[in-house]
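The values are calculated or read from the model by the stated rules, or taken from the named source; none is laboratory data. Bear in mind the structure is a predicted one, so any value in this text is a computation, not a measurement. Here Cβ is always computed from backbone atoms with ideal geometry, including for glycine, and neighbour counts include all displayed protein chains.
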Amino acid sequence: MARVPAPPANIPPDLRSRLRELPSVDELLTRPALAKLALSAGRPLVTNAVRTVLAALRAELTQQEASQELAHSRVSVAVDEVDSRVIAAVEAQLAPSLRRVINATGVILHTNLGRAPLSAQAVAAIAESAGRYSNLEYEIATGQRGKRDTHTSHLLAKLSGAESAIVVNNNAAAVFLVLNTFAKGAEVVVSRGELIEIGDGFRIPDIMSESGAILREVGTTNRTRIRDYERAISEHTRLLLRVHPSNFRITGFTERPSLEDLVALGQRTQLPVYEDLGSGCLADLSANGIAEPVVRASCEARASIVSFSGDKLLGGPQAGIIAGKKEFVERIRRNPLFRALRVDKLTIAALEATLQSYQRAAFDEIPALRMIRMSQPEIRARATQFIENLRASLPQSARFELQEGFSVIGGGSTPDQQLPTVLIAIATQNYSAAALEEKLRTAKRAAPVIARIENDRVVLDLRTVSPEEEPELAAALAAALA
Ligand SMILES: *Cc1c(COP(=O)(O)O)cnc(C)c1O
């Protein structure tokens, strides 16, 4: 059996004998708890963990010797800890980094929490094709090679009113690809009021320079007229760009030409007009108080190309959708970069299923839309029932109060529109709001609870908590407040 290597000669004899008492790696691997662990976690991982833990023990013993607190009993105590330390080390390495969380913040498209949760139909479609072969690029009727975007293009075209549509990795990729296709080495005219930063470093001017297009800014931050675009057009111009100011609003003394005006200018000057819609609604949500541009409206206004995200208001997987006139979409798809920015089969499966829900007008199947459409009375009823169910399992010191507040769409959409909601505010003498928020977030549970703090109280918004998650949220609260 391989022994732990003998310690170097300059170590005091007393310590040396104690270090020798440490069991060998092989001995440890035969201990029942670790042998069992090796069956599930694999021998190499456990062996490595045993080595690491032994090395740490040796270092601790040496340090105890230096500070003269080495009592003989400590060696055996430490050895008994080996099992649990190895198990903890292996578990830490096997724990997934990407974890489910309960989003009680009321921010529906929370970019840090994965934006849109997928519909049950989209999840089922992923499960159906993920572990199997599929006709991703294969035409079953002819037995010939097919194209992967045919699975979603007709549905996207139908739902958006465009002639044709393709899908890339995200909307940032879509912006990049459109600019690169039409305006590499040439000029793109855009209003100074639309040179936006979306977040996480996505800035229109940066994307433009990376795409090889040259920015031709016109107008001012608050006012740009069609004349400004007109004057900037030269033989170097290849594209007129319009960007939806997704995450901010300019109000007051403002002016911006309509898409129709821009399209008319494009027709007069034979330049394509591209509108980056950002979120882009496939369904009109104005009845729910959401005034985001509807994709169909831009296509009907005859924009040459529009692009928008798959995982913002559409409520599907991360993707960038490029829709528009056939000749322009074809040019984009022939760009070699399209191949580099293409989506995988999981995205296609989820997107197709999400679009099918739109086709059936089954909007409540899509979690993001269902959350947006949830009324304040509905949330109040759920919150009231939730507190009622909790009372029995809570200490006297914890009090819950319902208070009116707002949920937000998030994901860089609709900054000025908030959805009235009912919040559950938690009052407890035992912890500060910050301490309770941290407890909910870091408790050793299957799903951490992410809450927000308002006026020095932890508040929960059930709008973004699904009814199936409520028992788990209740258990997390009961444990945190106990
Ligand atoms: C969100 C957004 C983008 C980026 O879209 P992603 O899908 O997040 O890459 C680009 N342009 C606008 C106007 C946006 O709102």
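Inside segment 82-102, can you point out the residues that are touching a residue at least 40 places away in the same chain (Cβ under 8 Å) and closer than 18 Å to ALA49 by Cβ?
Once the filter is applied, which keeps residues that are touching a residue at least 40 places away in the same chain (Cβ under 8 Å) and closer than 18 Å to ALA49 by Cβ, segment 82-102 yields VAL82, ASP83, VAL86, ILE87, ALA89, VAL90, GLN93, LEU94.
Could you pull out the residue among ARG380, ARG445 that is part of a helix (DSSP H, G or I) and surrounded by fewer than 19 Cβ atoms within 10 Å (Cβ to Cβ)?
From the options ARG380, ARG445, the qualifying one is ARG380.
Provide a single number: the residues in segment 288-307 that are farther than 26 Å from PHE406 by Cα and within 12 Å of the ligand (Cβ to nearest atom).
The number of residues fulfilling the criteria is 2.
Which of (1) more than 30 Å from SER286 (Cβ to Cβ); (2) modelled with pLDDT of 95 or more is the odd one out, the single condition GLN429 does not satisfy?
(2)
If you go through segment 121-139 one residue at a time, do you hit one that is surrounded by fewer than 21 Cβ atoms within 10 Å (Cβ to Cβ), without any contact (Cβ under 8 Å) to a residue 60 or more places away in the chain and at positive phi?
Within segment 121-139, not a single residue is surrounded by fewer than 21 Cβ atoms within 10 Å (Cβ to Cβ), without any contact (Cβ under 8 Å) to a residue 60 or more places away in the chain and at positive phi.
Of the numbered conditions (1) within 16 Å of the ligand (Cβ to nearest atom); (2) out of contact with any strand residue (DSSP E or B) (no Cβ under 7 Å at 6 or more places or on another chain), SER119 satisfies every one except a single condition; which is it?
If we test SER119 against (1) within 16 Å of the ligand (Cβ to nearest atom); (2) out of contact with any strand residue (DSSP E or B) (no Cβ under 7 Å at 6 or more places or on another chain), just (1) comes out false.
Answer yes if at least one residue in segment 213-229 is within 13 Å of the ligand (Cβ to nearest atom) and not small (Gly, Ala, Ser), and no otherwise.
Scanning segment 213-229 turns up no residue that is within 13 Å of the ligand (Cβ to nearest atom) and not small (Gly, Ala, Ser).
Identify the residue in segment 137-169 that is in a strand (DSSP E or B) and of a type in the set (A, V, I, L, M) and, among all such residues, is nearest to LYS325 (Cα to Cα).
ALA165
Against the conditions (1) of a type in the set (Val, Ile, Thr); (2) under 20 Å from VAL107 (Cα atoms); (3) within 16 Å of the ligand (Cβ to nearest atom), where does ILE379 fall short? Just the number, please.
(3)
Go through segment 236-261 and count every residue that is part of a loop (DSSP other than H, G, I, E, B) and within 16 Å of the ligand (Cβ to nearest atom).
So the count comes out to 8.
Are there any helices (runs of 4 or more DSSP H) wholly within segment 288-362 with 3 or more residues that are β-branched (Val, Ile, Thr), and if so which?
Here the list reads 345-359.
Would it be correct to say that ALA172 is under 27 Å from the mean Cα position of the chain (by Cα), within 16 Å of the ligand (Cβ to nearest atom), at pLDDT below 95 and not in a loop (DSSP other than H, G, I, E, B)?
Yes.
Just checking, which of PRO12, PRO23, PRO7 is surrounded by 13 or more Cβ atoms within 10 Å (Cβ to Cβ), modelled with pLDDT under 95 and either among the small types (Gly, Ala, Ser) or within 23 Å of GLU91 (Cα to Cα) (or both)?
Selected residue: PRO23, the only one of PRO12, PRO23, PRO7 that is surrounded by 13 or more Cβ atoms within 10 Å (Cβ to Cβ), modelled with pLDDT under 95 and either among the small types (Gly, Ala, Ser) or within 23 Å of GLU91 (Cα to Cα) (or both).
Restricting to segment 188-213, name every residue that is modelled with pLDDT of 95 or more and surrounded by fewer than 19 Cβ atoms within 10 Å (Cβ to Cβ).
GLY212
Kindly evaluate LEU337 against the criterion of being farther than 26 Å from GLU128 by Cβ, of a type in the set (A, V, I, L, M) and in contact (Cβ under 8 Å) with a residue 60 or more places away in the chain.
For LEU337, the condition - farther than 26 Å from GLU128 by Cβ, of a type in the set (A, V, I, L, M) and in contact (Cβ under 8 Å) with a residue 60 or more places away in the chain - is met.
Go through (1) over 26 Å from the mean Cα position of the chain (by Cα); (2) assigned to a loop (DSSP other than H, G, I, E, B); (3) not polar (S, T, N, Q) one by one and return the number of the condition ALA116 breaks.
Just one mismatch for ALA116, condition (1).
If I filter segment 175-203 down to residues being in a loop (DSSP other than H, G, I, E, B) and over 29 Å from the mean Cα position of the chain (by Cα), which single residue comes out as nearest to the ligand (Cβ to nearest atom)?
The selected residue is LYS184.
Cβ-Cβ under 6 Å, sequence separation 6+ or interchain: first residue in segment 190-208 and within 24 Å of GLY410 (Cβ to Cβ) and aromatic (Phe, Trp, Tyr), partner more than 8 Å from the ligand (Cβ to nearest atom) and part of a helix (DSSP H, G or I). Which pairs?
Once the first residue is within 24 Å of GLY410 (Cβ to Cβ) and aromatic (Phe, Trp, Tyr) and sits in segment 190-208, no partner that is more than 8 Å from the ligand (Cβ to nearest atom) and part of a helix (DSSP H, G or I) comes close enough.
Among what's in segment 267-287 and is in contact with a Leu (Cβ under 9 Å, 6 or more places away or on another chain) and assigned to a loop (DSSP other than H, G, I, E, B), pick the residue that is farthest from the ligand (Cβ to nearest atom).
LEU271
Kindly list the number of the only condition in (1) loosely packed, with under 15 Cβ neighbours inside 10 Å; (2) within 16 Å of the ligand (Cβ to nearest atom); (3) closer than 21 Å to GLU469 by Cβ that fails for ASP344.
Answer for ASP344: the failing condition is (3).
Among the residues of segment 225-280, which ones are within 29 Å of GLN318 (Cβ to Cβ), surrounded by fewer than 18 Cβ atoms within 10 Å (Cβ to Cβ) and of a type in the set (Val, Ile, Thr)?
Matches in segment 225-280: ILE250 only.
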